Amino acid sequence: QLGRLDEAAELIGEAVRRNPAYADAHANLGNVLRDRGEFEAAADSLQRALAHEPNAAATQTSLGTLLLDEGRSRHALDEFERALALDPNHAEAHNNRGQRLFRARPARGRPGRI
């Protein structure tokens, strides 16, 4: 949260090494790696998190966000929908899904005023 991504990756990586089954640590590491632009390593960490905790809507949403960042918007939409199947009230998944759908809509004229 402070933007110290290298330090965060090191500390979270240590947590993963100490407890390889700690799903939240894998997910957090994936998010840090995504923020550092290390998309392949981030995807690997997020997949490991989901292997340990397959019903984690937040992790599924993070994977969708990663795919969106990579320009793989169709796959991202699938991940957001999986997250919502796990937790229909997951606000971030709804938001990200909506943004993805909004970006994909055909361009139209400017909407009229109400």
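The values are calculated or read from the model by the stated rules, or taken from the named source; none is laboratory data. Keep in mind that what you see is a predicted model, and the values were worked out from it rather than measured. Don't worry about glycine lacking a Cβ; one is built from the backbone with ideal geometry, like all the others, and counts go over all protein chains shown. What goes into the accessible areas is simple: the full protein's heavy atoms, side chains included, and nothing from ligands, DNA or RNA. Shrake-Rupley method; radii C 1.70, N 1.55, O 1.52, S 1.80 Å.
Cα-based values for the stretch 50-109, radius of gyration first and Dmax second, are 11.7, 47 Å.
Note on surface exposure: Glu81, Glu92 rank Glu92, Glu81 by accessible area, highest first, 1.4 Å probe. Rounded to whole numbers, the Karplus 3J(HN,Hα) couplings from phi for the stretch 80-95 are 5, 5, 4, 4, 6, 5, 6, 9, x, 9, 6, 4, 5, 5, 4, 4 Hz, using 6.51 cos²θ - 1.76 cosθ + 1.60 with θ = phi - 60°, and x at Gly and Pro.
Run the accessible area of the chain with a 1.4 Å probe and give the carbon-and-sulfur part as a rounded percent. Please report the intermediate quantities before stating the final value.
Working: 3610 of 7520 Å².
Percent of accessible area from carbon and sulfur atoms in the chain: 48.
The relative contact order of the chain comes to 17 percent, based on Cα pairs under 8 Å that sit 6 or more residues apart.
Mind checking the dipole of the chain: about its Cα centre, +1 per Lys or Arg Cβ, -1 per Asp or Glu Cβ, Debye to the nearest 20?
Details: 16 positive and 17 negative charges, 178 e Å.
It works out to roughly 860 debye.
Summarising the label geometry, the points placed 7 Å from Cα in the beta-carbon direction at Arg18 and Leu5 lie 2.5 nm from one another.
Placing Leu11, Leu86, Leu68, Leu77 in order of accessible area, with the largest value first and a 1.4 Å probe, yields Leu11, Leu86, Leu68, Leu77. Think of it as helices only: each DSSP H run of n ≥ 4 in the chain is worth -39500 (n - 2.57), and spread over all residues that comes to -23000 deg cm²/dmol at 222 nm.
How long is the gain from Asn89 to Glu38 if the chain were fully straight, where each residue apart is worth 0.36 nm and the alpha carbon distance is subtracted? Walk me through the intermediate numbers first.
On the way: separation 51, 0.36 × 51 = 18.36 nm, distance 2.94 nm.
Result: 15.4 nm gained on full extension.
With a cut-off of 15 Å between beta carbons, the residues surrounding Glu40 carry a summed charge of -1, where Lys and Arg count +1 and Asp and Glu -1.
Rolling a 1.4 Å probe over the protein heavy atoms leaves Phe102 with an accessible area of roughly 120 Å². Relative to the globular-protein estimate of 2.2 N^0.38 Å, the Cα radius of gyration of the chain stands at 1.19.
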